[in-house]
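Right, one structure below, let's go through it.
The values are calculated or read from the model by the stated rules, or taken from the named source; none is laboratory data. All of these numbers come straight from a predicted model, not from anything done at the bench. FYI the Cβ positions are ideal-geometry reconstructions off the backbone, even for glycines, and counts take in every protein chain you see. Note: areas computed on protein heavy atoms with side chains; ligands, DNA, RNA excluded. Shrake-Rupley method; radii C 1.70, N 1.55, O 1.52, S 1.80 Å.
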Amino acid sequence: MTDSTCTRVSEFLRPMVSMWRVERRPLTSCLLGLYSCRWRRQEGSSVRPGDCCCSKWEGASFAALTAAFCLTLLFLYFWTQAKNDYNNFDWFTYGILGFWWAWSLVLLVIAVVLFSYMAALMLLAVCLLSRRQRLSLHWTHKIGVMLSLMFAIAATAVVSAMWALEWLTVRLSFQVTAPYLHVGAVALMTGLAWPVALHFFHMIKIIKRYLILVVYLSVLLAFYLIPLGTYSPCIRERNTLGPPPTLFGHRGAPMTAPENTLMAFEKAVEAGCECLETDVAISYDGVPFLMHDRTLRRTTNVDEVFPNHADRVSDMFSWLELRRLNAGAWFLSTDPYGTVSSLAAEDRRRAGEQPVCTLLEYLELATGTDKLVMFDLYKPSQGHPYRNNWIERTLDVILHQSSIKPSQVLWLQSEGRNFVQEQEVDFQQTSGSAYSILDLQSNNISRLNLHYTSMSVHLISHYAAANITTNLYVINEAWLYSLAWCSGAHSVTTNDPHRLKAVKWPLFLMTPDEYMMMWLVTDVLSLMLVITVFTFHWRRAARLADLDLHSGF
């Protein structure tokens, strides 16, 4: 071939190579416009072989974006798994601020919006890197990144300090979500193979090339091996699963009626609860009544009826004063669970007229429906006439005024337990602490009532071997109920018996063989795709190098 022919071939190939490398297609222009707010065509935005994808300043911005993405994702996962206890958080903030608002949902919406924003920017950055474009994040996005980063750090720190127990809930959630998080993490790293391979084969400095490769492959390998450290009681043979936990109505059924009212307990009975759980205080004149809070402000209209005594401890009111209060209107006005709109008109009318309920009325309802009862018994305040004989007063109502059978009573109060057993041996003695089996048996305790965060297959089976059953409180979410079922819990206390009753099979239940297949298919498919992507870019880099050689570049 003559020199003139080579020259003509070179001139013919030059624009094709240039177009392949530099020309910005409409998609690239759109990506740059969204990420950098640069909508006009600009030359020289492509990354040349050996060049870095961005300046040091833009590299710091991308690092901040990556951190914001990871932290907003972490907080969003944390907060979605904390949904079981949103109501507790809202009432906690009510105690601080003095007015009701669904702050948990506000926080959830903010977390979703900020994570979606960071995820969109990350996707744009990865797409631009995949098209060998320089990263140049617009200053408005940089402000958004910093605000998202500060929110994620501050929210995680504050919620952790106020509500550290929720991290135990997150730990439990991994027992059901880990197999699916593994699939998501592997899919994410597989998707990153394209930009990693692209830049690996176009970087000149050997150290940077192989540093990127080693980091990527190390993370990918770690994700491949996640299942080796995964444990879930829901990964089991189906024929080893025990019966579903029975339901205890927490203060009745407080999602469908005002808590600790007769209507709430009637709704719990309708939902099929085995036991009705409540809280008992004693009025100034000796009438045991149902009230969870130390004051009456949250669940009654005490501010209207007794404005000068609204902050007084509830047991310092006489029964005649308590009976004047409305214990249901607050439920309609605050709608603490967002369920009021689903109630029938007659139920809303009844809910708005509920009075404070006595222990005797509660016991008679349980007697007529053959339900178990369990309650926290609050010791009266200093200066209360029944401060020293509160247990005797409660026993008098149970044993002499009500018609309930002693075997229906799950006695939870630890103080005065020996005295109570002397008065009535047929109570089902229940402990709120996981003492040793020897200590429990010496006190004739046959049941445990534990917070759900202490859930453990080993713990539950350990006590079950000694004929001690375990109840877990308070479980409202189907995934937690499923985990309690797989863990062997005998019962759970819940605010939402209607929904949990509808769970006919544990969520996320799979056999070990199914999980192994899921693991292997995910990892093998990912590995094949990664190898394919790296092979493609290797051949593409070799082809471009060959074009460079023949075109005279």
Does anyone have the angle between helix 166-191 and the longest principal axis of the chain? Alpha-carbon axes, 0 to 90°, nearest 10?
20
May I ask for the percentage of alpha-carbon pairs in region 49-183 that lie more than 19 Å from each other?
58
Rounded to the nearest whole number, the per residue volume of the convex hull around the C-alpha atoms of region 462-540 in Å³ is 152
Considering all projection directions equally, how large on average is the shadow of the alpha-carbon convex hull of region 316-413, in square nanometres?
8.1
Excluding exposed DSSP-loop GluC sites (Glu not before Pro) (at most 11 other C-beta within 10 Å), longest clean stretch of the chain:
44-236
Between T246 and residues 5 or more places away or on another chain, the pairs with built amide H atoms under 5 Å apart involve S491, V492
Which of M263, L363, T240 sits farthest toward the positive end of the charge dipole of the chain, with +1 on the Cβ of Lys and Arg and -1 on the Cβ of Asp and Glu?
T240
Give me the tail of P(r) for region 218-359 as a percent: Cα-Cα pairs with distance above 25 Å.
44
Largest to smallest accessible area among I207, I110, I391 [probe 1.4 Å]
I207, I110, I391
Calculate the spin-label point distance for T369 paired with D426, positioning each point 7 Å from the Cα along the beta-carbon direction, and give it in nanometres.
2.2
Sites V215 and L181, calculated FRET efficiency, Cβ-Cβ separation with R0 22 Å, nearest 0.05
0.60
For region 235-312, just the Cα set please: Rg and Dmax, both in angstrom.
17.8, 62
Mind jotting down the three principal axis lengths of the chain based on Cα atoms? Whole angstrom, largest first.
118, 54, 40
Dividing the Cα convex hull volume of region 108-242 by residue count, how many Å³ per residue is that?
166
Rounded to one decimal in nm, the spacing of the 7 Å Cα→Cβ label points at L225 and A434 is 3.0
Over all pairs of different Cα atoms in region 375-424, the reciprocal of the mean inverse distance gives a Kirkwood radius in Å of 11.7
Amide H of A257: which non-local residues (sequence gap of 5 or more, or other chain) have their own amide H closer than 5 Å, using H built in the peptide plane?
none
Average silhouette area of region 403-553, convex hull of alpha-carbon atoms, in square nanometres:
16.5
Just tell me the longest site-free run in the chain, where the sites are trypsin sites (Lys or Arg not before Pro) in a DSSP loop having at most 11 other beta-carbon atoms within 10 Å.
206-503
